[in-house]
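Read the figures in this text as sums done on the coordinates, not as results from a lab. Bear in mind the structure is a predicted one, so any value in this text is a computation, not a measurement. No Cβ is skipped: glycine too gets one built from the backbone with ideal geometry, and neighbour counts run over all protein chains shown.
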Amino acid sequence: MPRISNKGQSMPESPIRKLVPYAEAAIKKGRTIYQLNIGQPDIKTPAKALAAVKNNDIEVLSYSHSAGFESYRTKLAAYYRKHDINISANELIITTGGSEALMFTMGSICDAGDEVIIPEPFYANYNGFATASGVTVVPVKSKFEDSFALPPISEFEKLITPKTKAILICNPGNPTGYLYTKEEIDQLAEVVKKHDLFIVADEVYREFAYDGAQHHSIMSVPGLEQNAIMIDSVSKRYSMCGARIGCVVSKNEDFMATAMKFAQARLSPPTFAQIASEAALDTEQEYFDEVIEEYTSRRNTLVQGLEQIKGVRVANPKGAFYCIAELPVADAEAFAKWLLESFEIDNETIMVAPAAGFYSTPNTGKNQVRIAYVLKKENLLRAIELLKEALKQYKG
């Protein structure tokens, strides 16, 4: 019998999506599921983005440039300049989501066996991208008690070896919601310059910063031009997850020329999705102001509700739309399955993402879940009620 590759066998399952069969079975039983497990916003996609596709009169759906439409790249560069990220259209490549941008990046800066240091917990698919690229993830653990702030730089330096090629961060963080301060970004900048490393920043949640806090991009740090690589996406900013449009940005010419070869190999990003994404750049600031106000309210509702449940602890997020909660259970994955298989009140239940899959260190985060506050407040309140009762009933 033909044999599956070692790489294929090593590819990790998504901790977010592997519970989908249990959810599908629950739905077939007629249950309503409050999905706290996935970062799919319910905020409406900007009307201008949808109209640009609906009202388009394209007669031939052709390839775009491998780097993406020049008109989109030019307009996107102008958007970044408004956020103190001074780049030009030739310093970014449009990708099929932020996922492809990360794959291009790992393929461009790492050889098989090379290492990337990542503060954990981190976006679970980083493990998958690394496995697919033959890269070893080296975790540096952030602490729940510190709301997952940047670990001391000394902890990073202990892990740097001749095989280390980069430090990868998500800012604001998925799954933690932590927003790095300017001081933390500056510390990272100094260590990568000192050790001649790349710093890769996944900044797809840039707009989602709360309580008057400000997002600080690695692309805005003076003297970091040859080290900094930024990953971005329209998925969360415009509630356009299905568009699958992202980009990779850097002023390092050698890196961009290498990433371009990967872009050419996959031909081009999707045409209609680029049209929608370009139009989305005309979205008024009022849209973002309302979105931030809504997510701030949802975050407050969720955190306050969780803090009132006996035995539950929550790290208060400052950005994105996730938080990590510690539950009074031994195995959050078993609990998450039980919620879908065996628990219901008035034929309703909830779905959460076990947090162990967001760690690279084995047996870490076993009693934690990631919760996405992407539901309306009334639904969040109901989900909190269900979680409170489920924890009373659970015997695991």
Legend entry - Principal-axis tilt of helix 97-109 within the chain, Cα atoms, nearest 10 degrees: 60
Legend entry - Derived scalar couplings ³J(HN,Hα) [the range 381-396; Karplus, 6.51 cos²θ - 1.76 cosθ + 1.60; whole Hz; x for Gly, Pro]: 4, 5, 4, 5, 4, 5, 4, 4, 6, 5, 5, 5, 7, 5, 10, x
Inset, instruction - Grab the Cα-Cα distance for H83 and R3, subtract it from 0.36 nm times how many residues apart they are, and report the gain in nm with one decimal. - result: 23.8 nm
Inset, instruction - Show me 105-111, 318-324 ranked by packing, highest mean number of other Cβ atoms within 10 Å first. - result: 318-324, 105-111
Legend entry - Cα pair distances exceeding 22 angstrom across the range 196-314, given as percent: 53
Legend entry - Within the range 265-285: backbone nitrogen closer than 16 Å to the S62 label point (7 Å, Cα to C-beta): 268-272, 275
Inset, instruction - With label points built 7 Å along Cα→Cβ from the Cα atoms of H195 and K261, find their separation and express it in nm. - result: 2.6
Inset, instruction - Give me the distance between the Cα centres of the range 196-226 and the range 113-165, rounded to whole Å. - result: 17
Inset, instruction - Enter the angle in degrees (range 0 to 90, nearest 10) between the Cα long axis of helix 332-341 and the first principal axis of the Cα atoms of the chain, meaning the one along which they spread out most. - result: 70
Inset, instruction - Output ³J(HN,Hα) for the range 141-150: one whole-Hz value per residue in order, computed from phi by the Karplus curve 6.51 cos²θ - 1.76 cosθ + 1.60 with θ = phi - 60°, and x for Gly and Pro. - result: 7, 8, 10, 3, 4, 9, 6, 6, 5, 4
Inset, instruction - Enumerate the amide H contacts of I350 below 5 Å, restricted to partners 5 or more residues apart or on another chain; note that Pro and chain-start residues carry no placed amide H. - result: Y34
Inset, instruction - Specify which residue in the list A78, T136, L102 is farthest towards the positive end of the charge dipole of the chain, using unit charges on the beta carbon of Lys, Arg (+1) and Asp, Glu (-1), about the Cα centre. - result: T136
Inset, instruction - Report, in cubic angstrom per residue, the convex hull volume of the C-alpha atoms of the chain. - result: 165
Inset, instruction - From the P(r) of the range 252-396, can you give the percent of Cα pairs sitting at distances over 25 Å? - result: 47
Inset, instruction - Assign unit charges at the C-beta atoms only (+1 for Lys and Arg, -1 for Asp and Glu), then state the dipole size of the chain relative to its Cα centre in Debye, rounded to the nearest 20. - result: 1020
Inset, instruction - Over all alpha-carbon pairs of the range 39-166, lay out the pair-distance distribution in 10 Å bins, whole %, shortest bin first. - result: 10, 25, 32, 23, 8, 2
Inset, instruction - Using the structure shown, select from K82/K143; K143/K376; K44/K377; K194/K261; K261/K318; K158/K182 the pairs with a Cα to Cα distance greater than 26 angstrom. - result: K82/K143; K143/K376; K194/K261; K261/K318
Inset, instruction - Pop a pseudo-label 7 angstrom from the Cα along the beta-carbon direction at both Q226 and E389 and give the gap in nm to one decimal. - result: 6.2
Inset, instruction - Give the long-range amide H neighbours of V140: residues separated by 5 or more places, or on another chain, with amide H under 5 Å away, using H modelled in the peptide plane at 1.01 Å from N. - result: I118, E120
Inset, instruction - Identify all lysines with a Cα-Cα distance to K337 below 17 Å; exclude those on the same chain that are fewer than 8 residues away in sequence. - result: K18, K28, K29, K366, K388, K392, K395
Inset, instruction - Could you work out how far the C-alpha centroid of the range 295-309 sits from that of the range 234-265, in angstrom? - result: 34
Legend entry - Amide H contacts of T164 (H built 1.01 Å from N, under 5 Å, at least 5 apart or other chain): E115
Inset, instruction - Note down the nm distance, to one decimal, between modelled labels 7 Å out along Cα→Cβ at E286 and at Q187. - result: 4.2
Legend entry - the chain: calculated mean residue ellipticity at 222 nm from DSSP helix runs of at least 4, using -39500 (n - 2.57): -11500 deg cm²/dmol
Inset, instruction - Determine ³J(HN,Hα), in whole Hz, for all residues of the range 230-243 in sequence, where each value follows from phi through the Karplus function 6.51 cos²θ - 1.76 cosθ + 1.60 and θ = phi - 60°; x replaces Gly and Pro. - result: 10, 10, 8, 6, 8, 3, 8, 4, 10, 6, 10, 4, x, 5
Legend entry - Radius of gyration, Dmax [the range 142-219; alpha carbons; angstrom]: 12.6, 41
Inset, instruction - Would you kindly state how much longer the chain becomes between D211 and L50 on full extension, computed as 0.36 nm times their sequence separation minus their alpha carbon distance, in nm to one decimal? - result: 54.9 nm
Legend entry - Relative contact order [Cα under 8 Å, 6+ residues apart], the chain, whole percent: 25
Inset, instruction - May I ask you to derive the relative contact order of the range 106-256, considering only C-alpha pairs under 8 Å and at least 6 residues apart, and to give it as an integer percent? - result: 18
